[in-house]
Amino acid sequence: MELLKGTTILCVRKGPIVAMAGDGQVTLGNQIIKASARKVRRIGDGKVLAGFAGSTADAMTLLERFEKRLVEEQGRLARAAVALVKEWRTDRILRRLEAMMLVADADQTLLLSGAGDVLEPEGAAATIGSGSGFALAAARAFLEAGDLDAETIARRSLEIASDICIYTNSALTVEVLHR
């Protein structure tokens, strides 16, 4: 999988809470174009969280397609993800899109890519984007410490990533699901 520049998305599961956080920075080359983009959304009647990294137009196209698949699959996350990735890989136009997605419901988190990946990451944290390694390391450390909730871990981990990754800022969007 190619490391996409321009954002960091993190999903954390702890107890009955799933939190997904994303930074707000949009870059074009070496310039910051926007600092407050919303790259984490609630979809599927609010029961699914989706975060995206990569080209903005490509990511928005994929998000719309995923929402459509989610409706067609009656809210079943894994089936909608497989349907989207299959379309993404086989459609001549879609396969050129440069983006990745993290999607989560109350029960599972999935990473989707144009390479045909539908992966359920190991552990309680998953990330995509340029600052993903920094955010994942911070989240794992906070999870081991054991005294913070999922939302706080997601927020603090992205703040740490924003201090290290030049493509990630601290204008965060955080969405939470409760089981």
Exercise for review: Could you tell me which trypsin sites (Lys or Arg not before Pro) in the stretch 73-133 are loop residues by DSSP with no more than 11 other beta carbons within 10 angstrom of their beta carbon?
Suggested key: 92
Revision key, fill the gap. If one builds a Gaussian network model of the chain from Cα atoms under 10 Å apart, the most fluctuating residue listed among 131, 116, 54 is 116
Check your understanding: In Å, what Rg and Dmax follow from the Cα atoms of the stretch 1-75?
Key -> 13.6, 41
Check your understanding: Looking at the stretch 1-77, which GluC sites (Glu not before Pro) are DSSP coil and have at most 13 other C-beta atoms within 10 Å of their C-beta?
Key -> 2
Review point. In debye, nearest 20: dipole of the stretch 8-169 around its Cα centre with unit charges on the Cβ of K, R (+) and D, E (-)?
Key: 440
Revision key, fill the gap. The distance between the Cα centres of the stretch 79-156 and the stretch 1-57, in whole Å, is 10
Study note, to complete from the structure: Comparing 102, 119, 28 in a Gaussian network model of the chain (Cα, 10 Å), the one with the largest mean-square fluctuation is 28
Revision key, fill the gap. Mean projected area, convex hull of alpha-carbon positions in the stretch 36-93, reported to one decimal in nm², is 4.1
Check your understanding: With labels modelled as points extended 7 Å from the Cα through the Cβ direction, what inter-label distance (nm, one decimal) is found for residue 178 paired with residue 166?
Key -> 4.3
Practice item. Write down the Kirkwood hydrodynamic radius of the stretch 79-179, to one decimal in angstroms, obtained as one divided by the mean of 1/r over all alpha carbon pairs. Key: 14.9
Check your understanding: According to a simple spin-label model (label point 7 Å from Cα along Cα-to-Cβ), what is the distance in nm between residue 145 and residue 94?
Key -> 4.1
**Study point:** Helix-only [θ]222 nm of the chain, DSSP H runs n ≥ 4, -39500 (n - 2.57) each, per residue, nearest 500
**Key:** -11000 deg cm²/dmol
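Readers should treat all values here as calculations from the given coordinates under stated rules, not as data from a laboratory. It should be emphasised that the depicted structure is a prediction, and the values quoted were computed from it without experimental measurement. Glycine gets a Cβ as well: all are built from the backbone with ideal geometry, and neighbour counts include every protein chain shown.
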